[in-house]
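Read the structure below first, then the notes.
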Amino acid sequence: MYYVYAIYNAKVNKFYIGQTVDLETQLSLHNTGSYEGYTSRFEGKWSVIYSEVCKTRNEALVREKQLKNYRGREFIKTHIPR
């Protein structure tokens, strides 16, 4: 099982879309700054605002790519807490 997820940082009003096998561990890596890349640039706590389960990694990668396009980003924005 693979997860496609979106996390949100309210302090900087940013979100990130990714995929992983272990969502809890991945979120912990984002929050501790251990995950090198986009999310480590920002202060504040990241929280999961959206996730879905995929059967294969290929399916997860395809869905991640869909969520990263314009319509996918607009969909994710509807899940940002107000």
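The values are calculated or read from the model by the stated rules, or taken from the named source; none is laboratory data. Just so it is clear, the model here is predicted, and its values are computed rather than measured. No Cβ is skipped: glycine too gets one built from the backbone with ideal geometry, and neighbour counts run over all protein chains shown.
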Leading residue by the ranking (farthest from the chain's Cα centre (by Cα)) among those in the stretch 1-37 that are in a loop (DSSP other than H, G, I, E, B) and hydroxyl-bearing (Ser, Thr, Tyr)
34
Which of the residues that make up the stretch 59-82 are assigned to a helix (DSSP H, G or I) and among the charged types (D, E, K, R)?
59, 63, 64, 65, 68, 71, 73, 74, 77
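Residue 48: touching a strand residue (DSSP E or B) at 6+ places or on another chain (Cβ under 7 Å) and exposed (fewer than 14 other Cβ atoms within 10 Å of the Cβ), yes or no?
No; evaluated as a whole, the condition is false for this residue.
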Please give the number of the condition residue 64 fails out of (1) over 14 Å from residue 15 (Cβ atoms); (2) surrounded by 13 or more Cβ atoms within 10 Å (Cβ to Cβ).
(1)
Log entry, pairs with first residue in the stretch 13-37 being touching a residue at least 60 places away in the same chain (Cβ under 8 Å), second being assigned to a loop (DSSP other than H, G, I, E, B), beta carbons closer than 7 Å, six or more apart or on different chains, reads 15/80
Of the residues in the stretch 38-58, those that are touching a residue at least 40 places away in the same chain (Cβ under 8 Å) and either over 17 Å from residue 22 (Cβ atoms) or not in a helix (DSSP H, G or I) (or both) come to 47, 48, 49, 50, 51, 52, 53, 54, 55, 56
Given (1) at pLDDT 95 or above; (2) within 12 Å of the chain's Cα centre (by Cα), residue 53 misses just (2)
